[in-house]
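**Q** First the structure, then my questions, so here it is.
The values are calculated or read from the model by the stated rules, or taken from the named source; none is laboratory data. The structure presented is a predicted model; accordingly, all values stated were derived computationally and were not measured. Please note: Cβ atoms are built from the backbone with ideal geometry, for glycine as well, and neighbour counts cover all protein chains shown. Calculation scope for accessible area: heavy atoms of the full protein, side chains included, ligands and nucleic acids excluded. Shrake-Rupley method; radii C 1.70, N 1.55, O 1.52, S 1.80 Å.
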Amino acid sequence: MAEAQARQHGGNAGDDPAMAEGGVRFEVDGEIATITLDRPEKRNAQTFATWSALARIGETLPERVRVVVVKGEGPSFSAGIDLRMFTAEGVPGQGSFGSAAKSDGASFEQSIRRAQAGFLWLRRPEIVSIAAVQGHAIGAGFQLALACDLRIVADDVSFCMKEPALGLVPDLTGTKPLVELVGLAKAIDICLTARTVHADEAMRIGLAERVVAGGDLEQATREKVEQLLSTNRDAAAATKRLLQGAQGRTLEEQSRAEGIEQAARIKALFG
Ligand code: ACO
């Protein structure tokens, strides 16, 4: 209910118990939505409730939103999955990996698909998503940053794909964007060593669009939002569709796709 109100009035959905359980805050201000991971005392560790909350935001995002900012409260963007998942007790109400291992594989796979839904919508052509990343972005935290179209990072950022060190694979949609951003060899290096990527390397290899001093992260993100909102909404969505499809098409196919999108634009603008 609170979320529905936030959609209508551009307010804060922080009162929604499902958001609170997931440690997520969600605010809409005109064309800008902000998702804040809000469990700083636990370094914004993520649970299945976090991913459900993200999925619900995606399902109910107001149509007027053009830019989605994803950020983390406190010193870290996100320290990844809640480590209680590795314990026998697990996360209250959400189980543990131990209990998941005893259930049938199909239902756990389904849970993963649901979790992934919380990340996948951030790539929709109708929006541009920006991760504003400071401090640690580990495992699921790194993958949430990768789920966004753009990453603006503070100079203390440290990305780490820790899953292989814990016997897991990165399964929250991060592998494809990582390979597309940095190339296969670098992605193998980063994931299979579980090493830390700091700000200067993140910038150099294309993980980050911009590195700023920690205190300037909010302002830098705001500037990017303003730049993104300065272009035509429909042209932006059409252009993002073209860019997203470019790698999977031949030059000939891509040229044809450009023509189709442009014809629709001309019709909308001058028809
Ligand atoms: N899950 C649950 N709680 C966490 C997590 C986590 N992933 N990360 C940090 N916390 C908690 C700590 O237990 C601590 O709680 P406490 O104050 O009740 O003891 C609090 O957050 C602060 O953590 P510190 O370790 O004291 O903070 P610091 O800034 O020194 O270190 C760091 C931060 C490096 C992120 C460290 O907490 C850490 O290594 N966390 C675990 C990272 C990890 O392995 N994540 C899993 C990745 S794999 C995946 O995501 C699928």
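**Q** Would you work out the Kirkwood radius for the range 97-201? I mean one over the mean of 1/r across all pairs of different Cα atoms, in Å. Before the final figure, lay out each step's value.
**A** Details: mean 1/r = 0.0687 Å⁻¹.
One decimal place: 14.6 Å for the Kirkwood radius.
**Q** Per residue, how much accessible surface does the range 231-271 expose to a 1.4 Å probe? Answer in Å², no decimals. It would help to have the intermediate numbers written out before the result.
**A** Values: 3050 Å² over 41 residues.
Computed with neighbouring chains in place, this is 74 Å² per residue.
**Q** Moving to a separate point now. Taking the dipole about the Cα centre of the range 231-271, with the C-beta of Lys and Arg at +1 and of Asp and Glu at -1, give me whichever of 255, 269, 242 is farthest to the positive side.
**A** Highest projection toward the positive end goes to 269.
**Q** Here's another thing I want to ask about it. Counting only protein heavy atoms, what percent of the accessible surface of the range 2-230 is carbon or sulfur at a 1.4 Å probe?
**A** Numbers: 5470 of 10160 Å².
Carbon plus sulfur share of accessible area: 54 percent.
**Q** Output the relative contact order of the chain, whole-number percent, from Cα pairs under 8 angstrom with separation of 6+ residues.
**A** 14 percent
**Q** Sticking with this one: Residue by residue, what Karplus-based ³J(HN,Hα) values in Hz, rounded to whole numbers, does the range 125-142 have, using 6.51, -1.76 and 1.60 with θ = phi - 60° and x for Gly and Pro?
**A** For the range 125-142, the Karplus-derived couplings read x, 6, 10, 10, 9, 10, 8, 9, 10, 10, x, 7, 10, 10, x, 4, x, 4 Hz, x marking Gly and Pro.
**Q** Would you grab the residues whose amide H sits under 5 Å from the one on residue 24? Only those 5+ places off in sequence or on another chain, please, with H modelled 1.01 Å from N.
**A** Residues meeting the amide H criterion: 38.
**Q** Tell me, what is the FRET efficiency for residue 249 and residue 205 to the nearest 0.05, using R0 = 22 angstrom and their Cβ-Cβ distance as r?
**A** It comes to 0.30.
**Q** Calculate for the chain the 222 nm mean residue ellipticity that helices alone would give, adding -39,500 (n - 2.57) per DSSP H run of length 4 or more and normalising by residue count, nearest 500 deg cm²/dmol.
**A** On the way: 12 runs with 129 residues, N = 271.
Calculated mean residue ellipticity at 222 nm is -14500 deg cm²/dmol.
**Q** Convert each backbone phi in the range 209-221 into a coupling constant with the Karplus relation 6.51 cos²θ - 1.76 cosθ + 1.60 (shift: θ = phi - 60°), then list the ³J(HN,Hα) values in order as whole Hz, x for Gly and Pro.
**A** For the range 209-221, the Karplus curve yields 7, 7, 10, 9, 4, x, x, 9, 4, 5, 5, 4, 5 Hz.
**Q** Also: Assuming 1.306 mPa s and 10 °C, estimate D for the chain with Stokes-Einstein, Rh taken as the Kirkwood radius over Cα pairs, in µm²/s. All intermediate terms of the calculation are to be shown ahead of the outcome.
**A** Working: Rh = 19.4 Å.
The calculation lands on 82 µm²/s.
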